[in-house]
1. Among the residues that make up segment 118-138, is at least one of them of a type in the set (A, V, I, L, M), within 22 Å of Ser25 (Cβ to Cβ) and surrounded by fewer than 18 Cβ atoms within 10 Å (Cβ to Cβ)?
2. Say whether the condition of being surrounded by 19 or more Cβ atoms within 10 Å (Cβ to Cβ), within 13 Å of Ala75 (Cβ to Cβ), in contact with a strand residue (DSSP E or B) (Cβ under 6 Å, 6 or more places away or on another chain) and in contact (Cβ under 8 Å) with a residue 60 or more places away in the chain is met by at least one residue in segment 88-109.
3. Taking Leu108 as the residue in question, decide whether it is closer than 27 Å to Glu20 by Cα and modelled with pLDDT of 95 or more.
4. Determine the pairs where a residue that is under 17 Å from Met114 (Cα atoms), located within segment 11-35, has a partner that is at pLDDT below 75 and assigned to a helix (DSSP H, G or I) with Cβ atoms under 7 Å apart, the partner being 6 or more residues away or on another chain.
5. Spot the failing condition for Met114; the list is (1) exposed (fewer than 13 other Cβ atoms within 10 Å of the Cβ); (2) touching a residue at least 40 places away in the same chain (Cβ under 8 Å), and only one is missed.
Amino acid sequence: MAAKTQIDDELVRRLAALLEETKLSEIEYEVGGLRLRVARNHASAPSPVQLAHEPARPAPATTAAAEPPADHPGAVTSPMVGVAYLGPEPGAQPFVAVGDAVSEGATLLLIEAMKTFNPIRAPRAGRVTRIVVTDGQPVEFGEPLVILG
């Protein structure tokens, strides 16, 4: 039977505070064979996907919306700083287009951060009413990416 490892509650609290302070989506800490990962609670945590990408493709047409994307209740925002990609590889069809119906968990686009491609998934079922970003566009934490109606 493996020995139980005691988790340092104060360390977890300090890492959580650092996560909030820096607006990072997650922090991983390893010492003496113990690995601790602290992450923000997102509706759908992205899992890393390794792909090769080249930036800059023409963006698909989007519909105009009167409401600013950041204020829209259906806004799907970026959980990290990185570069947005609308399709799985250069020249491929985008994951979604305006008017597409998506189910919860469907991949909407990818965000590349530190050479890792993270799928951004639909937090709920809905219809894509607007794609706010263009292919190869740098994005910030919390920036609206897609609007679901």
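1. Restricting attention to segment 118-138, the residues satisfying the condition of being of a type in the set (A, V, I, L, M) are 120, 122, 125, 128, 131-133.
Within this subset, residues satisfying the condition of being within 22 Å of Ser25 (Cβ to Cβ) are 120, 122, 131-133.
Still in the list and also surrounded by fewer than 18 Cβ atoms within 10 Å (Cβ to Cβ): none.
Taking every residue of segment 118-138 in turn, none turns out to be of a type in the set (A, V, I, L, M), within 22 Å of Ser25 (Cβ to Cβ) and surrounded by fewer than 18 Cβ atoms within 10 Å (Cβ to Cβ).
2. no
3. Values: closer than 27 Å to Glu20 by Cα: yes; modelled with pLDDT of 95 or more: yes.
So Leu108 passes the test.
4. These pairs meet every condition: Ile27/Leu19.
5. Going through the list (1) exposed (fewer than 13 other Cβ atoms within 10 Å of the Cβ); (2) touching a residue at least 40 places away in the same chain (Cβ under 8 Å), Met114 breaks only (2).
For every residue, the table says whether it meets (1) of a type in the set (Gly, Ala, Ser); (2) more than 12 Å from the chain's Cα centre (by Cα).
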position: Pro79; (1), (2): no, no
position: Tyr85; (1), (2): no, no
position: Gln93; (1), (2): no, yes
position: Gly99; (1), (2): yes, yes
position: Ile111; (1), (2): no, no
position: Pro119; (1), (2): no, no
position: Arg124; (1), (2): no, yes
position: Arg127; (1), (2): no, yes
position: Glu143; (1), (2): no, no
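The values are calculated or read from the model by the stated rules, or taken from the named source; none is laboratory data. Note that the coordinates shown come from a computational prediction; the quantities given were computed from them, not determined experimentally. A quick note on method: Cβ atoms are made from the backbone with ideal geometry, for glycine too, and the neighbour counts reach across all protein chains shown.
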